[in-house]
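Here the structure is laid out as structure tokens; the discussion comes afterwards.
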Amino acid sequence: MAILRKVADVEATVDELGLRVIEVTLDSPSALDAICALRARADVTILAGTVRTGDEARSAIDAGAEAIVGPAFVSEVGAACRELGVPWIPGALTPTELAAAWRAGAALVKLFPGRLGGPQYVRDVLAPLADLRLIVTGGVDTTNALEFLHAGAVAVGVDASRARAVYDAVTLDA
């Protein structure tokens, strides 16, 4: 997943990357307009990221976001997503936070920041919590993306500036 944070021209960046799962962070200028424009395309799945309140979740969903991603586990964001029938991907770090987010109905749980524990942390967490579906963001790059996936993450999220290189590295090594 390519994470577009404060990217000047979102559509041009999506075209340049050629990737199909895109997260536009709400702290980006005109984020809702970008989500709306990307949703009109049939070639991408668009997620809203850095969603921190229920109102932000509702606005992003109204703009066309197909899933909501947060940097933390915020129950009001989860409630808004459940109310509107849109997948919720809250961020968490500790086993307690990860398990609480999963039990609260998250579609996936975003392990953030991944650089703190690395792939071994994913293995350690998933040993007793094997039912968790983790996406790792924060510190994912060409040197460790495949390791995170082999450790049990179902996906990784990468800043737009590195997304294509990481995708290529994972695809070539897979």
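The values are calculated or read from the model by the stated rules, or taken from the named source; none is laboratory data. Quantities reported herein were computed from a predicted structural model and do not represent experimental measurements. Counting neighbours? That spans all protein chains shown, and the Cβs are built from the backbone with ideal geometry, glycine included. Heavy atoms of the whole protein, side chains included, go into the accessibility calculation; ligands, DNA and RNA do not. Shrake-Rupley method; radii C 1.70, N 1.55, O 1.52, S 1.80 Å.
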query: Using 7 Å Cα-to-Cβ label points, what is the Ser30/Ala127 separation (nm, one decimal)?
result: 5.0
- request: Considering only Leu26, Leu134, Leu84, give the residue with the highest GNM mean-square fluctuation for the chain, with springs between Cα atoms whenever their separation is below 10 Å.
  value: Leu84
- prompt: Mean residue ellipticity at 222 nm from the helices of the chain, using -39,500 (n - 2.57) per DSSP H segment of n ≥ 4 over the full residue count, to the nearest 500 deg cm²/dmol?
  reply: -12500 deg cm²/dmol
task: Would you kindly state how much longer the chain becomes between Glu11 and Asp43 on full extension, computed as 0.36 nm times their sequence separation minus their alpha carbon distance, in nm to one decimal?
output: 10.4 nm
- request: Order Tyr167, Tyr121, most accessible first, counting only protein heavy atoms with a 1.4 angstrom probe.
  value: Tyr167, Tyr121
task: State, to one decimal in nm, how far the label point of Arg52 lies from the label point of Arg103, with both points 7 Å from Cα in the Cβ direction.
output: 2.7
statement: Rounded to a whole %, the carbon-and-sulfur portion of the accessible area of the chain at a 1.4 Å probe is 53
- request: Compute the FRET efficiency between Arg20 and Thr96 as 1/(1 + (r/R0)^6), taking r as their Cβ-Cβ distance and R0 = 35 Å, and round to the nearest 0.05.
  value: 0.55
- prompt: Using a 1.4 Å probe, what is the accessible area per residue for region 9-85, in Å²?
  reply: 45
task: At a 1.4 Å probe radius, which order do Glu23, Glu56, Glu76, Glu16 fall into by accessible area, largest first?
output: Glu16, Glu76, Glu56, Glu23
